[in-house]
Amino acid sequence: MDLQDQEIIPGKTLPVVIIGNGPSGICLSYLLSGYTPYLSPGASHPNPLLNSKLAEQPHLSLLEQDLEYLCEGLEGRSSNPVAVLFDSLLLPDSDFGFDHTSPLEWQYEPERAIPHLVLGKGPPGGAWHAMEGSMLTLSLANWMELPGLKLKDWMREKRRNVRNDRATPAEIASYYQHYVSQMSLEQSFACGTTVTAVTRQPGNKEGSPPCWRVTGLQRREGEELGDGSSVAEDVPFSLLAHNVVLATGTHDIPARLGVEGESLPFVCHSFWELEAAISRGELDQSSDPVLVVGAGLTAADAVLAAHHLNTPVYHAFRRPVNDPGLIFNQLPKLLYPEYHKVHQMMTQQQYQANPPPQDQAQNHQNSSPASSPALPSPPSSYPGYLSFPRYKVAAFRPDKKCVLESDSGHQTVVQVSKALVLIGSHPNLSFLSDNGRPLSVYPDEPITCRRNPIEVDPFTNIVIAAEGPGMYAMGPLVGENFVRFLKGGALAIASDLAKRQRAGEEGEGGVSAVDRFMDRWLDRQVANHTGSEVSVRDS
């Protein structure tokens, strides 16, 4: 869909604009397009408490039911209650290895559809199109699927087999793109768009209520040149919306260490830079070691990629190898053998610092760093790999030497060919004031998926600290980094929008949705500004 350099319909305000076209935005678009979940006749759920609640009003769709009531008593691997509920309904008892049939059935009811627009920089699927195409996904394949289209069925049609019940990112990206087409959602997607500002618009004298203005640029093919090629151009657009959903994910801006020399050319901050170096033939078994910094799955993928080439690897990370918070200590060994292998490497081949002589111990902090340690060689289980648990990078030097420092203060210098800093990422929310920080749980810190997500109402996903009503957030922005759970955010938002639509913006007991929002907003301001005067300006 092309967006004009004006409101998409002059003088009209869109009900919903979704910023982000990854699985979060796609799933929400599906629910807003009239696809409605019901309890299938004769179906039951293995959880007796949830089953009895669902049986109370089987004629009502899930969008019409009290989600908070249905969530009571449920437990799962997410902190968001609606995510646990929806996951339990789509994949009953999947955490226990069961493959129960979902008790839900999906009915297409176009009269329930809410007009909306999904904006994304690339094709539908979001960041999945940028991920390394041959690695296997962390999640099981059926955990990656969206409602209404079984991933395994789609892959069989493509004559592909799901290896170990897991798929590659390239397959998942293709599935999401096909999903949008298969479910006839394309008319709601505007790809090639970059949002530059989301601002609150006041009402006007003609009686138009306050709303959100979304402005940005859309990449389009320009005039055709004589050689048959064309020049792309960025065309500005401006939209008005009653509701805005933040669904951008958190993979836009790599996190940085903030140490000396981090901007040197040999220091990289993405897995793709390693791939590019490999494709250029820059790394092989004769190269100086690659330093991988971080203990997440992307860092593990980098270790595997370098190790596959027999390129030596130094691996530095802040936590001890037995820390229960490490993702490797949370994954079943049989299902994730490649990550178990990395964890074995991290555990078995740790750098052992030579303690300083007793008479020099008191001056250890001021002593020169130790020289580059020797890498293990055969008959070592993993020759060419050495881990540095509980170490951080103190500095990068122009001569491609890196100073590593332990949590006890011991320093060592390693000579490397490249350094990959893979310690997470931040979302690009530059279209919001102060990059969206005021919306997070800790407003003075950058937004991250795990440590500082956007604060939302747990049953509606309304952003608590937004400048006005009608702003939602979902997916990694609210702490859901797995597709199986981000679908719960779509259910919460679609349910709230449907109830507001049915009630004409009137909530239960005659209390308007705007009033409820302002109550929560005021509570948030009081919490953040204890002891100071708080004023609420009517939006």
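Paramagnetic label reach from residue 441 (point 7 Å along Cα→Cβ; backbone nitrogen cut-off under 13 Å): within the range 454-470, residues 454-458.
Here's how it looks for residue 462: its modeled amide H is under 5 Å from those of 457, which are all 5 or more places away or on a different chain.
Put a dot 7 Å past the Cα of residue 397, heading toward its Cβ, do the same for residue 275, and the two dots end up 3.4 nm apart.
The Rg/Rh ratio of the range 13-58, with Rg taken over Cα atoms and Rh as the Kirkwood radius over Cα pairs, comes to 1.17. The heavy atoms of residue 19 present about 10 square angstrom of accessible area, all protein chains included, probe 1.4 Å. Between residue 66 and residue 260, the contour length at 0.36 nm per residue exceeds the Cα-Cα span by 64.5 nm.
Between residue 450 and residue 285, what FRET efficiency follows from the Cβ-Cβ distance if R0 is 41 Å, with the result rounded to 0.05?
Working: r = 36 Å, r/R0 = 0.87.
After rounding, the FRET efficiency stands at 0.70.
Packing here is the average count of other Cβ atoms within 10 Å per residue, and on that basis the peptides 22-31, 465-474, highest first, run 22-31, 465-474. Where a Cα-Cα gap under 19 Å defines reach, which lysines qualify for residue 392, not counting those fewer than 8 residues away within the same chain? Within the straight-line cut-off, residue 392 pairs with 400, 401, 418.
Taking all protein chains together and a 1.4 Å probe, the residues 53, 152, 205 rank 205, 152, 53 from largest to smallest accessible area.
Using R0 = 22 Å, the C-beta based FRET efficiency linking residue 350 and residue 310 works out to 0.60. Amide H contacts under 5 Å for residue 104: 40, restricted to partners 5 or more places along the chain or on a different chain, H placed in the peptide plane at 1.01 Å from N.
Stretching residue 109 away from residue 408 to a fully extended chain increases their span by 101.4 nm, per 0.36 nm per residue minus the current alpha-carbon distance. One way to sum up the overall shape of the range 167-222 is the equivalent ellipsoid from its Cα gyration tensor, whose semi-axes run 34, 15, 12 Å, largest first. Out of every Cα pair in the range 377-461, what percent are spaced more than 16 Å from each other? Value for the range 377-461 (Cα pairs over 16 Å): 69 percent. Taking the protein heavy atoms of the range 428-484 in the context of the full set of protein chains, the accessible area attributed to carbon and sulfur is 46 percent at 1.4 Å.
The string of couplings for the range 46-59 from the Karplus curve (6.51, -1.76, 1.60, θ = phi - 60°) is x, 7, x, 5, 5, 4, 5, 5, 5, 6, 5, 9, x, 7 Hz, one whole number per residue in order, with x for Gly and Pro. Placing a pseudo-label 7 Å from each Cα along the Cα-to-Cβ vector at residue 51 and residue 329 gives an inter-label distance of 3.7 nm.
Could you tell me how many cubic angstrom of Cα convex hull volume the range 208-314 has per residue? Don't skip to the end; give the middle numbers.
Values: hull volume 22.2 nm³, N = 107.
Convex hull of Cα atoms, per residue: 207 Å³.
Taking amide hydrogens as placed 1.01 Å from N in the peptide plane, the amide H of residue 125 sits under 5 Å from those of 22, each at least 5 positions away in sequence or on another chain.
The values are calculated or read from the model by the stated rules, or taken from the named source; none is laboratory data. In this text the structure is predicted, and so the values were computed from the model without any measurement. Heads up, the Cβs are rebuilt from the backbone with ideal geometry, glycines too, and the neighbour counts pull from every protein chain shown. Accessible surface is based on the protein model in full, side chains and every heavy atom, while ligands, DNA and RNA are left aside. Shrake-Rupley method; radii C 1.70, N 1.55, O 1.52, S 1.80 Å.
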